[in-house]
């Protein structure tokens with residue numbers, strides 16, 4: 001297959017290969033996101049005062065460091081299984097009956113969906129909270145603080161891989177990507193998404209946590225994350241190359257990313273409303 005001369009040839013997608021083992025930047029991004037997120041959650045578990053109103057005597061964290069260690073395993077399984085199945089179901093459902101083995105083996109070639117990973121992690125968090133008799137919203141609020149770290153590294157890895165490029169554009173920072181069959185200058189939408197889904201959401205949720213003490217209101221951080229991601233992802237779909245997986249009648253009107261982000265915005269808004277409502281005088285937290 002003929003390749004396009006990329007604007008920047010910074011890094012190869014593969015870091016190194018030994019025999020049958022190949023380490024890719026995409027895999028390293030997942031590893032970095034999970035490990036850094038785990039360490040940050042350990043820090044949050046040590047800061048019991050963040051979870052209670054100022055002046056609370058003997059504040060207690062809603063989970064322990066050991067429980068965070070266990071949660072890393074659950075979250076890793078949720079990300080990988082949910083992300084892969086989400087990609088197949090949302091974008092390539094025909095693979096299930098035409099090449100079912102590739103549903104599993106094809107993960108080494110990429111093909112992960114954030115919305116599927118979110119569902120997988122959500123189920124993992126629910127199962128973990130139920131199994132350990134923990135407050136689900138407390139766990140979800142902590143996860144909302146650390147998840148943008150993984151999103152940032154994931155989008156940077158997309159850029160390094162030269163995948164999920166943007167729409168054609170002839171602006172000053174337009175780029176060509178090696179595997180683009182049309183070899184057109186395009187928006188580097190992966191970097192836009194790294195900035196918004198990673199840096200901006202990380203700032204929003206952490207400012208809410210440390211400036212406005214959002215961890216005192218169960219579900220608030222989770223709602224802020226879902227709303228912010230849904231809005232930013234829908235905005236980024238304006239710059240990303242449109243999906244080829246939508247029915248012909250819907251192409252040009254809405255993308256799969258927009259369609260999957262709408263429930264996130266609605267659920268996030270409900271969680272924010274619920275958290276703030278339960279925080280009013282005379283109400284009880286659920």
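No lab work stands behind these numbers, since they all come straight from the coordinates. On a predicted model such as this, the values are computed, not experimentally measured, just so you know. Ideal geometry is used to build each Cβ from the backbone, glycine not excepted, and the neighbour counts take in all protein chains shown.
Sorting the segments 134-146, 48-60 by their mean number of nearby beta carbons within 10 angstrom, highest to lowest, gives 134-146, 48-60. Counted by neighbouring Cβ atoms within 10 Å, the residues 68, 81, 199 run from fewest to most as 199, 81, 68.
Computed over the chain, relative contact order equals 19 percent, with contacts defined as Cα pairs under 8 Å that lie 6+ residues apart. Full extension of the segment from residue 199 to residue 94, taken as 0.36 nm per residue of separation minus the current Cα-Cα distance, would add 34.3 nm.
Counted over all Cα-Cα pairs of region 30-86, pairs farther apart than 16 Å make up 51 percent. Computed from the C-beta positions of residue 60 and residue 127 and an R0 of 22 Å, the FRET efficiency is 0.40 to the nearest 0.05. Diffusion coefficient (Stokes-Einstein, Kirkwood radius over C-alpha pairs, 20 °C, 1.002 mPa s) for region 79-153: 160 µm²/s, rounded to a whole number. For the chain, the longest principal axis of the Cα atoms and the long axis of helix 25-46 meet at an angle of about 10 degrees.
Can you give the angle from 0 to 90° between the axis of helix 256-278 and the longest principal axis of the chain, with both taken from C-alpha atoms, to the nearest 10? So the helix axis and the longest Cα principal axis differ by about 10 degrees.
In vacuo Debye scattering of region 60-191, one point per C-alpha: log10 I(q)/I(0) at q = 0.11 Å⁻¹? Rounded to two decimals, the profile gives -0.53.
For the chain, adding -39500 (n - 2.57) for each run of n ≥ 4 DSSP H residues and dividing by the number of residues yields -18500 deg cm²/dmol at 222 nm.
Each 5 Å bin, from zero up to the one with the longest distance, holds this percent of the alpha carbon pairs of region 37-133: 3, 13, 17, 17, 14, 11, 9, 7, 4, 3, 2, 1, 0.
Given the chain, what whole percent of its Cα pairs are spread farther than 34 Å? Percentage above 34 Å: 24.
Distance distribution P(r), region 153-259, all Cα-Cα pairs, bin width 10 angstrom from 0: 14, 37, 30, 14, 5, 0 percent. Cα extents for region 127-216 along the principal axes, largest to smallest and rounded to whole angstrom: 53, 31, 16. Rounded to the nearest 10 degrees, the angle from helix 220-236 to the longest Cα principal axis of the chain is 20 degrees. Provide the FRET efficiency to the nearest 0.05 for the residue 183-residue 212 pair, computing r from the beta carbons and using R0 = 45 Å. Calculated value: 0.40.
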